Every structure is written in structure tokens, then in C-alpha cells.
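Remarks on the structure that follows.
Each value in this text was obtained by applying a stated rule to the coordinates, not by laboratory testing. Small disclaimer: the values here were computed from a predicted structure and weren't measured. As a convention, Cβ positions derive from the backbone with ideal geometry for all residues, glycine included, and neighbour counts pool all protein chains shown.
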Amino acid sequence: MTLPHAEVFEIAALSLRVALLATAVACTLGIPVGLWLGTTAFRGRRAFLLALNTLLAVPTVVVGLAIYLLLSRHGPLGGLGLMFTWRAIVVAEVVLAFPIAAALSAAAVQAADPRIHRTALTLGAGPVRAACAVAREARFALGAAVVVAFGRVLSEVGAAMIVGGNIRHQTRTLTTAVALATSQGNFALAIALGLVLLALALTVNALILMLQGRGDV
Amino acid sequence: MFELALVRQTYGGRPVLAVDALRIERDARLAIVGPNGSGKSTLLRLLAFLEAPGAGTIALDGRPVRTARERRRARTRVTLVEQRPFLFRGTVLENVAWGLGARGVPAAQARARALEALSLLGSDRLAGRSARALSEGEVQRIAVARALATEPDALLLDEPVAGADRAAQHALYAGIAAAQARRPMAVCVASHLLEDAYRWADRILALHEGAPSTVTPENLFRVELPGGGPLQTVHLGPLAVDLVTDRAGPATLAIPPDEIVLSTERLHSSARNAMPGRIVRVAEQGGAVRVTVDGGIELVALITRRSLDELGLTVGGAVYASFKSVAVRVF
């Protein structure tokens, strides 16, 4: 079995759309949480970090199952009608990528020079501006958090399969297509799709690297 | 400006600072002196409201600063320049304008004020340079300019001349004095360079093991006391010093500068300790003169200007520094 070029493009485009959207949402939510955890001392911070680090190790099929139960017709969010749509995959991927963005951002700012935060505070900055100052100085490590989150989302197959259903022309992503081709014994197609996936990852990571380098004085 | 009452600070259960009472006026020039680990930097961080004291209160203009919100508000009036200051990524001018940006000052106004602060410290030529391309001394000057640009009510400096040569030290203190002449500002400097502190400050706070000390922390030496009697002898470099104590083991010796007698010949007196040496520095302090004598170790003696003139003491001249055993304080 081969796939028409148009269908490969369609699958690759959906994978990219899901991965970029899920990474953007997860990082928009996760990085501020990480900055807060990394720069603010409060009771329970260590427990919070421990929980985040534990979530990093949760199997993707477990997250897929949890989202399935939430979004299925009889689930609490069943009314949204998201089940077996690409949006359901985005929701699952956000849940998977959020702990990565938050935990790695917290680690990045904790590893940053402690003088950055003190300097910002003593120059009159509030907590948000001071956290932003730390983020700016630690942007390479934060960029790494974005790259890891994107990699996790782009390469994920278990949750996408469970909540998306791998429906042709609707929810088939590169990873679910590779899984299907492999199960059908079509290794040539599986390898070809895998190479497309790698090319996508390379392109996006190169773009992130370029963005990190800009503005460096 | 600042009033401290029964302030205590501990790190990991270890007491590092204990100040029962301290008042710093709005126009003060306070030098905080003491050996490493005496609590100078901790006191500055507390005065900068970067951390809360473990116990006691710090009041700013009569109002106790207790909550995180109050500390945050207080930090817009007080700023600290650390011993190894951090400059943000960007140009020198962006750095100096940073605190103004944090206060919502419009960019053009912030730029003008930043340039003014830079020129106070004679560093305006560095404005366009990258902050990462500066020498250690320049970093310190830029950090002080950045603090001055915010027009603080109190400027706190931790070892501000540590990496600077003589000329740079002079420029730094001159710039701070000029800023202080423009508007009232309390300036507190933690320094181990006592000569500078004495020359510049109008008040000295000596810290020893976290607490204010009545002894000026000059002529301080870490020693191992042999024990075994009230009259003991310890060696400070080539100098054997007799002192009176019952203690044994590690201790700090302090020889108060006003207990040291200078003479051009060895004295026949009750002073058991006498060190021959040469004068390496002479500095005015108010009506008195601080004379540093190098005889293998450096000892600072405080004498009157008249004594200096009558004995004909000058830098490079040979001199004896004598002090009694009972003048040596043991901590």
C-alpha cells in the first residue's frame, strides 16, 4: 500500500498543527508556572515540584485514557463533542507537555545565577518583572524546555491513538500512521513517514534555535 | 531612615546576625566593617529588604516593614549593589535604565537619567558597550550608576571597590558623594578596606561574628592560643605577641589602634610587645592620623597629627609599634 502525496501532506500538516498548538498552549501555561515555582519560596513548593516531576513519567496511554474518560459521550466534558477530533488530541498533548514545560522551566530558573533575581528585586521590580528578568537571562534553558515539550508532543502516539481514533483524513497523525503501517507490515511506508516526522522535528528545532540566538548582545 | 530593633538572622539554624539596636539617618555615611563572615552582607540584605529577619523588626521612616508587600514597597526606596554585581544582557545604558523601567519611567526620560548617572561616575563613554564586555571594576561602577539612577533614599554597597584600582575607587566614592550632595541619601558601605571606609564614612559600625563590636576591627588576627596560663605568647608572622588570657584553642586577637604607641626608638616601658617596622601608609581620620606600620604584619596605630609631626613620621620611615599585653583583646 502506498499513500498519495496529498494524503502524506495532510497527515504531516495535521501532526504539525497539533504539535505546535499543544506546545504553544502547554508552554504558555507551563513556563509561567515554572518561573513562579523557580523564583518564589512558599510552603509546599517542593511537593508541587515533586508532583510535576512525577507527571513527567506518566505513560502517554494513561493520559490518553484519562482524557478519553473525560471527553467520551458520558464523561464530564462529553458535551463538548471533542472526542475523536484533532482537538481532543491537542487536549491530551497539552496535558502531557504541561509538566515538561513547567518542571524544566522551574529547573532552568533555579539553575540560573541567583543574583539575577536579587538584582531585579533590589532595583524595584515586582515579582512578575523579576521572574521575567530571570527568564530572559535563562532563555537558552527555557528554549530547551520548549524543544523537549515539542518533541514529546510530536512523537507521541498512545494518547493520540486513544482520543483521536486514527481516523483517515480526520485524526491521522504521522505517529498513528506509522503505527498503522507497521501493524499492516508496510515497513517502507512506516520508515518513509518516520523520516518525514524527523524532518519536521529538525525544522522546528532549528527555528527555535534561531529565535533563541536573536537579540544576543 | 532605618531603625533596627532586636534583629536576629539565622541560616540553617546557625546564627549569623544579632543587632539589638541600630539607627541609620537619612543623610548617613555609614561604613560597616569586619572580617569575612562577620555578618556585613547579611545586614545589607536585610536593610535592602531582600530577606526578612528571623526575629526583630526593621522600620523604614518609623514604619515597621514586616510583610512581603511592605518589603516590596520598601525596595523601591532602597537599593543594594552586591559585591559581585550582575549586569543584565544588553548594553550598559539599558542596564543603568533598568530600575527606571521597572518603575514605569518613560523610555526617553529613563535614558536621560541613566546617562546622567553614568556621567556622575565618569562612565558615560561606556553607555553603548555590551554589559558582557566590561572589566570587573567597570561592572562595579556601572552597577553603582544603575543604583544611583533610581534615586534611592538609601544606597547599600557591598565591598564596592573590591575589584577597582586606586583611581577607580576614588571616582566611585566621588560619584557617590556628588549624588549625595544633590539629594539626601543614606549610604551604607560594607568594606574590609578599612582605610577607605575611615576616610569616607562619618560613622563606623564594626561587626564581629554577627554582632556590633565596640572594638574597631583593625589589627585583627586569627590565632591558635597555646593555653596553659594567663600570660601566653602567640606568633603573628615574625612577631611574638604576649597577651593575657585563660583561653586556649582558636581565637581572634584584636589590637585596638588607639592602644598602639609609635616611637622612633625601642621604648623601655611596661609594654611587653614592640614591633620594628616601616610606615607604609598615613591617612587622616577626623583630627587624628592612622598610621600603618609593616613589620612582617601590618599594624594600624591611631595617633594625633601633632605626634606625627613632632616625631617626624613619614611613609617609608622606620618606627617601633609598641603595645601592652593587656591591650590585646581576645575573642
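For the peptides B:204-211, B:221-228, the ranking by mean Cβ contacts within 10 Å, running from highest to lowest, is B:204-211, B:221-228. In this label model, residue B:27 and residue B:130 are separated by 4.5 nm, measuring between points 7 Å along each Cα→Cβ vector. Taking label positions 7 Å along the Cα-Cβ direction at both residue A:80 and residue A:210, the computed distance is 3.4 nm, reported to one decimal. For chain B, what is the percent of antiparallel DSSP beta bridges, rounded to the nearest 5? Within chain B, antiparallel bridges account for around 75 percent of the total. Averaging the Cα positions of each part gives two centres, and for region A:71-118 and region A:37-66 these lie 11 Å apart. By the count of neighbouring beta-carbon atoms within 10 Å, fewest first, B:98, A:36 end up ordered A:36, B:98. Kirkwood analysis of the Cα pair distances in region B:2-212 returns a hydrodynamic radius of 17.4 Å.
Dividing the summed -39500 (n - 2.57) terms of all DSSP H runs of n ≥ 4 by the residue count of chain B sets its mean residue ellipticity at 222 nm at -7500 deg cm²/dmol.
Cβ-Cβ distance of residue B:294 and residue A:20, R₀ of 51 Å, FRET efficiency by 1/(1 + (r/R0)^6): the value works out to about 0.15. Summarising the strand pairing of the protein assembly as shown, around 75 percent of its internal DSSP beta bridges are antiparallel.
Exposed loop sites, defined as trypsin sites (Lys or Arg not before Pro) outside DSSP H, G, I, E and B with at most 15 other Cβ atoms within 10 Å, are absent from the longest region of chain A, namely A:74-167.
Residues whose amide H comes within less than 5 Å of that of residue B:208, counting only those at least five positions distant or on another chain, are B:213 (H built at 1.01 Å from N in the peptide plane). For the pair residue A:167 and residue A:69, the difference between a 0.36 nm per residue extended length and the Cα-Cα distance amounts to 33.4 nm. Of the GluC sites (Glu not before Pro) found in region B:230-304, the ones in coil according to DSSP and having at most 14 other Cβ atoms within 10 Å of their Cβ are B:265.
Averaging the Cα positions of each part gives two centres, and for region B:291-331 and region A:159-217 these lie 80 Å apart. The HN-Hα couplings worked out from phi for region A:18-31 by the Karplus form 6.51 cos²θ - 1.76 cosθ + 1.60 (θ = phi - 60°) are 4, 5, 5, 5, 5, 5, 4, 5, 4, 6, 4, 7, x, 5 Hz, whole numbers, x standing for Gly and Pro. Residue order for A:84, B:49, fewest other beta carbons within 10 angstrom first, comes to A:84, B:49. Dividing the Cα radius of gyration of region B:220-330 by its Kirkwood radius returns 0.99 for Rg/Rh.
For each of B:138, A:93, count neighbouring Cβ atoms within 10 Å of the residue's Cβ, then give the residues from fewest to most.
Numbers: B:138 20, A:93 30.
Starting with the residue having the fewest Cβ neighbours, the order is B:138, A:93.
Within region B:30-123, report the trypsin sites (Lys or Arg not before Pro) that DSSP leaves as loop and that have at most 14 other Cβ atoms within 10 Å. Sparse-neighbourhood loop trypsin sites (Lys or Arg not before Pro): B:66, B:103. If you run the Gaussian network model on chain B, springs between alpha carbon atoms under 10 Å, then out of B:96, B:189, B:315 the most flexible one is B:315.
Can you give the FRET efficiency to the nearest 0.05 for residue A:50 and residue B:84, using r as the Cβ-Cβ distance and R₀ = 30 Å?
Working: r = 33 Å, r/R0 = 1.09.
Efficiency, rounded to the nearest 0.05: 0.35.
Placing R0 at 56 angstrom, the Cβ-Cβ distance between residue B:192 and residue A:10 gives a FRET efficiency of 0.20 after rounding to 0.05. For the options B:56, B:175, B:317, a Gaussian network treatment of chain B with springs between C-alpha atoms closer than 10 Å singles out B:317 as fluctuating the most.
Which whole number gives the average, over all residues in B:148-157, of C-beta atoms from other chains lying within 10 Å of the residue C-beta? If you can, show how the numbers build up before the last one.
Details: counts 0, 1, 3, 0, 3, 0, 0, 0, 1, 0.
Counting other chains' Cβ atoms within 10 Å and averaging over B:148-157 gives 1.
Inverting the mean 1/r over all pairs of different Cα atoms, compute the Kirkwood radius of chain A and quote it in Å. Don't jump to the answer; show the numbers that get you there.
Values: mean 1/r = 0.0538 Å⁻¹.
Its Kirkwood hydrodynamic radius stands at 18.6 Å.
Can you give the alpha-carbon Rg of the protein assembly as shown over 2.2 N^0.38 Å, where N counts its residues?
Working: Rg = 32.7 Å, N = 548, 2.2 N^0.38 = 24.2 Å.
Normalised Rg, Cα atoms only: 1.35.
So if I place +1 on the C-beta of Lys and Arg and -1 on the C-beta of Asp and Glu, and nothing else carries charge, what would the dipole magnitude of the protein assembly as shown be about its Cα centre? I want it in debye, nearest 20.
1480
Among beta bridges from DSSP that stay inside region B:135-254, the antiparallel ones total about 75%. Specify the residue with the greatest mean-square fluctuation among B:154, B:181, B:145, computed from a Gaussian network of chain B linking alpha-carbon atoms under 10 Å apart. Highest fluctuation of the listed residues: B:181.
Here each label is just a point 7 Å from Cα along the line to Cβ, and for residue A:129 and residue B:6 those points are 3.6 nm apart.
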